[in-house]
Amino acid sequence: MLVIDLLASSFSLFNLPSLWEGLGVGFSVFFVLLFLFFVRHQRSLRQRAYLMREAIRNRDWSFRLNTKGLTSGERAMQEVMNDLGEIIHQQVNQREVESWERLTRVLTHEIMNSTAPIASISQSLLRRDDVVGTPLEAGIRSINTTATRLITFVESYRKLAQLQQPKPEDVRLETFFAEVQRLYPQLTWDVVGMDEVIVHTDPVLLQQVVVNLVKNAVEAGARRIKAGGESLLISNDGAPIPAADRDSIFIPFFTTKHRGTGIGLALSRQIMVRQGGDLELMDQPETGYTVTFRLSFA
């Protein structure tokens, strides 16, 4: 009887019905909170998917979303998606370069086939005695001059399809830009953050790219050039690039200059893309400058 009384008093002390009721309320609150967390987390994932889709649709290849608050699997997936933008960008640039190469090759071949005979025949006619000194001479000379200029013009575009094979090596940017500065002593240079920066690229082709950018800047009235960073930024204070032209500056044959050929920037980007890098016009120039280009390396 004593044992039974002790058990009874123990059950009475713990008040089991109240205990179970408290546990039930606790579990209910826990599951409600878990459900709310799940709903909120799913909404966050949907928002991430939307932002990434819009970034790709708008060709914003620099998008990055943080991995805070994600599970290990979700974090790995987000990191892959963050890298996907750059991978897509490289593939798009590569296909674009290949398309322009094919188009340029076909155009130059067809134009040269049609123009070369005109230049040759007109040149032969200018040597004939029955043409020299007659009213025909001026007309034939104009034909010959136009054909010759067109041949020279087309030959310049062959560079887009006949770019030399890159020979990459380790290039110390500090030394590289010291050499470039000597080519343009009239400019004020601000070279920063390059003391220990080494990139793996073809130094001859890189110089061609940088000189193209600096030459364009000088022609746009620039007096100051800034270069710096491992993801190389090159800025100038020349005339800004009009908003309407920003999407077209890397297209072969496009130029805003009176005597421009439209080959410089197109060739420069092709050089960078062929080496696994890129050349981009930044949406926002560096403070104190009007135009900033970014050179990225493999």
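No lab work stands behind these numbers, since they all come straight from the coordinates. Since this is a predicted model, take the numbers as computed values, not measurements. Note: ideal-geometry Cβ built from the backbone for every residue, glycine included; neighbour counts use all protein chains shown.
Placing a pseudo-label 7 Å from each Cα along the Cα-to-Cβ vector at residue 256 and residue 126 gives an inter-label distance of 3.7 nm. Peptides 47-59, 208-220, 30-42 ranked from most to least packed give 208-220, 47-59, 30-42, packing being the mean of other C-beta atoms within 10 angstrom over each peptide's residues. With a Förster radius of 51 Å applied to the beta-carbon distance between residue 54 and residue 134, the computed FRET efficiency rounds to 0.15. Per-residue 3J(HN,Hα) values for the stretch 150-155, derived from phi via the Karplus relation 6.51 cos²θ - 1.76 cosθ + 1.60 with θ = phi - 60°, read 5, 4, 4, 4, 5, 4 Hz in sequence order (x marks Gly and Pro).
Distance between the pseudo-spin-label points of residue 35 and residue 239 (7 Å out from Cα toward the beta carbon): 6.6 nm. Using the Cβ-Cβ distance between residue 95 and residue 63 with R0 set to 25 Å, the FRET efficiency works out to roughly 0.80. Between residue 165 and residue 75, what is the spin-label point distance in nm, taking each point 7 Å from the Cα along the Cα→C-beta axis? The answer from the label model is 4.4 nm. You can think of it this way: the chain between residue 188 and residue 47 has 46.1 nm of extra reach, that is 0.36 nm per residue less the Cα-Cα gap.
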